[in-house]
Ligand SMILES: [Cu+2]
C-alpha cells in the first residue's frame, strides 16, 4: 500500500477520533439537536469516504466492500451519538449505513483511471466537512479561544495540507504499473492485440497494425459458444507456433478457432498496407455482427 494511502486512512482516523473526543469532553453542554447533527454528519462523511477507498481497493467484490464500509460507518455514527443519547445514536447509525453503502458502490463502479482523483476529492471533502463541523461545535459549546481553532488559521492549514498532500504521489499504483508492462512488450517489438469474441461481436472491432513489424493477435473467447477469427484477403508471413499446430495455415490464411473460455494466438508479419476485414466464419455469426476491420499502415 503506498504511503499516501496510509496518510489518507490515518488522517480520517485521527480527525474522527478528535471530533468524538470533543463530543465526550463536552457532552453535558451539547443539546440533543446539536448531538444528532454531529453524529449524522460524522457517520455519513466517514462512511462515504472510507466506503470509496474500500470500494476501490476491493473492486470486483462489492459485497465485502459494502459490508466493511457499512460496519465502519455505523460504528462511527454509533460511537459519536452514544455520549448524547439514543436519538443521536439512531441518527448516526443510519447516516453511517447510507454513507458506507453509497461510498462502496461509487468506489466499486468508478473507472480505474478516475480512482485516484475520486479518493483525493473525497478526502479533501472529508477534511473540509470536519472543519465546518468543528467550527459549528465551537459556536455551540466548545467556545475555547485557541489560535488553531480560528477559522482563518484553519483555512490556511487546510490549504497547506492540500498542497502537501498533492505532492505525495500516487495512491493507487495498479494502473501505472500495468501500462509499464505493456510498454516493455512494445520495446521487444511485439505488438499484441487482444480481440475478445462473444455473441455476436468482436471487441475491439478495429485494429491498426504497422506493416513490416511482427504482430500478435490473441483471440479470447468470452462467449458461450465457439468462435473463430479469420482475416480475409491479407497476405502475411505466419510465425510457426507449437501451441497452434492443430490448425494448418494454408495459403498463409490467418485463422484462429476457440471454444468458450479458450485463448489462441497467432503471430505474423505483413508487408501489404491496406484495410482488411476479419470475420467469424461460423454459420450465421458474420451476419449477426461478428466482423471487424484491420488497418495495415505503412
Ligand atoms: Cu462466432
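Every number here is computed from the coordinates shown, using simple stated rules; none is lab data. Everything numeric here is computed off the predicted structure, so don't read it as measured data. Here Cβ is always computed from backbone atoms with ideal geometry, including for glycine, and neighbour counts include all displayed protein chains.
Just a few scattered comments:
- Rounded Å value of the spacing that divides the Cα centres of the stretch 92-138 and the stretch 1-26: 13
- Going from the residue with the fewest nearby Cβ atoms within 10 Å to the one with the most, 63, 158 rank 63, 158.
- Per-residue ellipticity at 222 nm, computed for the chain from helices alone with -39500 (n - 2.57) per DSSP H run of at least four residues, works out to -17500 deg cm²/dmol.
- Sorted by Cβ neighbour density within 10 Å, fewest at the top, the residues 142, 24: 24, 142
- Rg/Rh ratio calculated on Cα atoms of the stretch 6-63 (Kirkwood radius): 1.10
- Only Cα pairs under 8 Å and 6+ residues apart enter the sum, and on that basis the relative contact order of the stretch 1-121 stands at 32 percent.
- The mean sequence distance of close C-alpha pairs (under 8 Å, at least 6 residues apart), as a share of the length of the chain, puts its relative contact order at 15 percent.
- Note: relative contact order over the stretch 42-92, using C-alpha pairs below 8 Å and six or more positions apart, is 39 percent.
- Here the residues 68, 18, ranked from fewest to most Cβ neighbours within 10 Å of their Cβ, fall in the order 18, 68.
- Rounded to 5, percent antiparallel among DSSP beta bridges of the chain: 65
- Overall Cα dimensions of the chain - principal axes, largest extent first, Å: 88, 37, 29
- Alpha carbon convex hull of the stretch 6-103, projected area averaged over orientations, nm²: 5.4
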